[in-house]
1. Compare the Cα positions of V370, P207, F351 along the charge dipole of the chain (+1 at Cβ of Lys, Arg; -1 at Cβ of Asp, Glu; about the Cα centre) and return the one farthest towards the positive end.
2. Which is farthest toward the positive dipole end of region 281-414 among V361, G302, Y399, measuring Cα position about the Cα centre, with Cβ charges +1 (Lys, Arg) and -1 (Asp, Glu)?
3. Highest mean first, how do 218-230, 180-192 rank when packing is the count of other Cβ atoms within 10 Å averaged over residues?
4. Using the Cα centre as the reference, give the magnitude of the dipole from point charges on the C-beta atoms of the chain (Lys, Arg: +1; Asp, Glu: -1; all else neutral), rounded to the nearest 20 debye.
5. What is the distance in Å between the Cα centroid of region 1-55 and that of region 302-346?
6. If one computes P(r) from the Cα atoms of the chain, what percent of pairs lie at distances over 43 Å?
7. If contacts are Cα pairs under 8 angstrom and at least 6 residues apart, what is the relative contact order of the chain in percent?
8. Taking the highest mean first, how do the peptides 354-362, 17-25, 34-42, 283-291 order by number of other beta carbon atoms within 10 angstrom per residue?
Amino acid sequence: MELLTTNNVWMMICTALVFFMHLGFAFLEIGLTRQKNTINILFKNIFIITVGLLLYCLVGFNLMYPGEFNGFLGFAGIGLDSPLTAEGALDLTYNEGYTYWTDFLFQGMFAATAATIVSGAVAERMKILPFMIFTVVYVGFVYPIAGSWQWGGGFLSTLEFGETEGFYDFAGSTLVHSVGGWAAIIAVWLLGSRIGKFKNGKPQAIPGHNIPLATAGVLILWLGWFGFNGGSVLSADPAGTSLTLVTTCLAAAAGGVVSMLVSTAMYKNLDLTMFLNGILGGLVGITAGADQMSPTDAILIGAIAGALIVFAVRFVDKLRLDDPVGAIAVHLICGIWGTLAVGIFGAKAGFEQFMIQLIGVGCYAVFCIVTAFIIIFTLKKTMGIRVSEKEELEGLDGYEHGMDAYPDFRLNEH
């Protein structure tokens with residue numbers, strides 16, 4: 001019982017840290033976009049975490065962890081039922097590391113993150129109602145089904161290649177970040193770019209209105225990652241948690257430094273936003289194998305993620321995809337890299353593991369692209385997903401919410 005209490009307290013602390021990440025996402029998104037859309041972005045972030053938790057309670061948790069199922073789709077029923085012994089008492093042997101309730105809450109915090117990634121990518125031009133509908137479907141059904149394939153004991157958890165078995169994603173480089181990233185790229189493509197983003201085929205900078213707030217958001221996210229990765233050990237095991245936190249921090253630091261160096265070499269200016277996204281890229285990159293890597297491995301994974309950020313942001317612009325916060329580069333590209341890195345670095349490195357990781361990435365790509373396209377394309381054809389030109393130029397806050405985030409200080413942003 002003493003061990004259970006210790007482990008459970010650690011898991012609850014990590015749950016709180018992952019919850020705190022939603023403030024980081026909100027700060028980052030509003031900081032990198034224009035002030036006339038601040039209320040809109042904050043509203044979406046609050047909607048995601050509140051509705052996301054309710055959906056995860058009612059259907060998501062039992063879709064993601066259905067127990068014995070066919071490996072592709074299973075459902076253990078509506079709502080949560082506490083595990084009981086034959087005598088009807090609460091069964092605390094659910095897991096040696098934590099209780100059933102802690103498991104639900106910890107996993108529920110992860111579920112909402114996938115939709116938050118999309119929120120930043122579609123910022124400043126998507127109607128609020130279609131986004132809310134998308135969030136309900138994606139967080140309520142798509143993410144849990146995708147999660148069940150690995151974390152719920154589905155077919156990817158037992159996938160074999162040669163003598164090696166099991167797709168590995170420790171804390172969600174693919175299951176959380178790429179699942180959100182694939183939806184983000186589809187949403188951005190169907191939505192189109194913001195007015196003024198591309199002129200004569202060339203991308204134009206649309207500066208965010210509060211870079212100090214964006215910086216605070218990244219530091220909050222880094223802090224939250226202590227819970228995101230540290231909690232994924234699923235116990236307070238000293239060796240596992242301490243190594244995981246060290247590799248997480250080193251990858252973040254390496255990602256930021258390398259992203260800063262590469263972007264400075266390419267663009268001849270010390271770009272703080274690229275520095276910040278490099279940190280996030282390193283964090284996303286290490287998430288799939290944080291418990292399997294040595295400190296040196298973590299630095300290399302983070303460094304490569306940091307370099308990838310710079311080239312990915314440029315590549316996304318060349319595709320004429322408008323991603324105001326760099327979500328595609330950070331969460332999709334670095335999520336893929338981190339997942340594949342499990343087969344290149346660390347305790348599981350090997351050709352067979354790399355191939356399993358590659359197959360897993362492909363499975364999630366197909367599932368998420370198809371489902372995201374069906375949801376968003378249907379919304380586009382039925383109710384429309386893009387605000388009018390006038391609404392976009394004058395700001396979504398006034399039209400969608402009838403409010404102003406800064407009523408005493410407003411710039412003319414057209």
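Bear in mind these aren't lab numbers, they're just calculated from the coordinates by the rules spelled out. Because the structure is a prediction, the values reported are computed rather than measured. When we count neighbours, we look across all protein chains shown, and the Cβ atoms used for this are built from the backbone with ideal geometry, even at glycine.
1. P207
2. It is V361, whose Cα lies furthest towards the positive end.
3. Details: 218-230: 22.5, 180-192: 24.2.
In decreasing order of mean packing, 218-230, 180-192 become 180-192, 218-230.
4. Dipole magnitude for the chain comes out near 1820 debye.
5. Comparing the Cα centres of region 1-55 and region 302-346, I get a distance of 23 Å.
6. On the way: 7694 of 85491 pairs.
Above the 43 Å cut-off, the chain has 9 percent of its Cα pairs.
7. Numbers: 814 pairs, mean separation 100.8, N = 414.
The normalised contact order for the chain reaches 24 percent.
8. Working: 354-362: 19.0, 17-25: 20.9, 34-42: 23.7, 283-291: 31.8.
Result, highest mean first: 283-291, 34-42, 17-25, 354-362.
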